[in-house]
């Protein structure tokens, strides 16, 4: 009787250990962008804009293209809110700078317009970690080169 009880307990423990190891094998570890990191990036992008007397909208999105942090500097046109988010969304979805799509259109590779909801203008950069896009920063408010310069300053704040 005691042997049977011990065998039952051992089998139950084995089943628990085996099933939990199988369950964990079905899930991948995922790095995510924190609010603190998003704020740090936005602060650096804002500092770059202020240094140059530009006004910008700075959008930091997660890996699904959803806002983590959005900032509109005083005096920035409201249209830049959607543009900044569009640049960041393009960068995270395609794991490349939004400038790549601007360059493709400039080079007359017009098929990129069929890719869906892209914002093909400089100022959107993916945030890459171990080959994975964990988010993106998008900046709008100046000309494309100014937007990109501020986005690069924001991205550099993470390194």
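The values are calculated or read from the model by the stated rules, or taken from the named source; none is laboratory data. The structure presented is a predicted model; accordingly, all values stated were derived computationally and were not measured. Cβ: placed from backbone, ideal geometry, glycine included. Neighbour counts: every protein chain shown.
Report, by residue number, each residue of the range 130-146 that is touching a strand residue (DSSP E or B) at 6+ places or on another chain (Cβ under 9 Å) and either modelled with pLDDT under 95 or within 16 Å of residue 61 (Cα to Cα) (or both).
Passing the criteria: 133, 134, 135, 136, 137, 138, 139, 140.
Yes or no: residue 155 in contact (Cβ under 8 Å) with a residue 12 or more places away in the chain and closer than 19 Å to residue 58 by Cα?
Details: in contact (Cβ under 8 Å) with a residue 12 or more places away in the chain: yes; closer than 19 Å to residue 58 by Cα: yes.
In short, yes.
In this structure, does residue 59 turn out to be touching a residue at least 24 places away in the same chain (Cβ under 8 Å), touching a helix residue (DSSP H, G or I) at 6+ places or on another chain (Cβ under 9 Å) and part of a helix (DSSP H, G or I)? First the steps, then the outcome.
Values: touching a residue at least 24 places away in the same chain (Cβ under 8 Å): yes; touching a helix residue (DSSP H, G or I) at 6+ places or on another chain (Cβ under 9 Å): yes; part of a helix (DSSP H, G or I): no.
So residue 59 does not fit the description; no.
Considering the range 86-111, and only residues there that are surrounded by fewer than 18 Cβ atoms within 10 Å (Cβ to Cβ) and in contact (Cβ under 8 Å) with a residue 24 or more places away in the chain, the residue that is nearest to residue 142 (Cα to Cα) turns out to be 96.
Restricting the range 112-152 to residues that are under 15 Å from residue 86 (Cβ atoms) and free of Cβ contacts under 8 Å to residues at least 24 places away in the same chain leaves a set whose member that is surrounded by the most Cβ atoms within 10 Å (Cβ to Cβ) is 112. Against the conditions (1) surrounded by fewer than 21 Cβ atoms within 10 Å (Cβ to Cβ); (2) assigned to a helix (DSSP H, G or I); (3) within 16 Å of the chain's Cα centre (by Cα), residue 70 satisfies every one except (2). Looking at this structure, is residue 83 at pLDDT 95 or above, part of a strand (DSSP E or B), touching a helix residue (DSSP H, G or I) at 6+ places or on another chain (Cβ under 9 Å) and crowded, with 18+ Cβ neighbours inside 10 Å? Answer is no for this residue.
Residues that are outside any helix (DSSP H, G or I) and over 14 Å from residue 139 (Cα atoms) within the range 33-56 comprise 33, 34, 52, 53, listed in sequence order.
Can residue 91 be described as out of contact with any strand residue (DSSP E or B) (no Cβ under 8 Å at 6 or more places or on another chain) and in a helix (DSSP H, G or I)? Don't jump to the end; show me each part of the working.
Numbers: out of contact with any strand residue (DSSP E or B) (no Cβ under 8 Å at 6 or more places or on another chain): no; in a helix (DSSP H, G or I): yes.
Considered against the rule, which asks whether it is out of contact with any strand residue (DSSP E or B) (no Cβ under 8 Å at 6 or more places or on another chain) and in a helix (DSSP H, G or I), residue 91 comes out as no.
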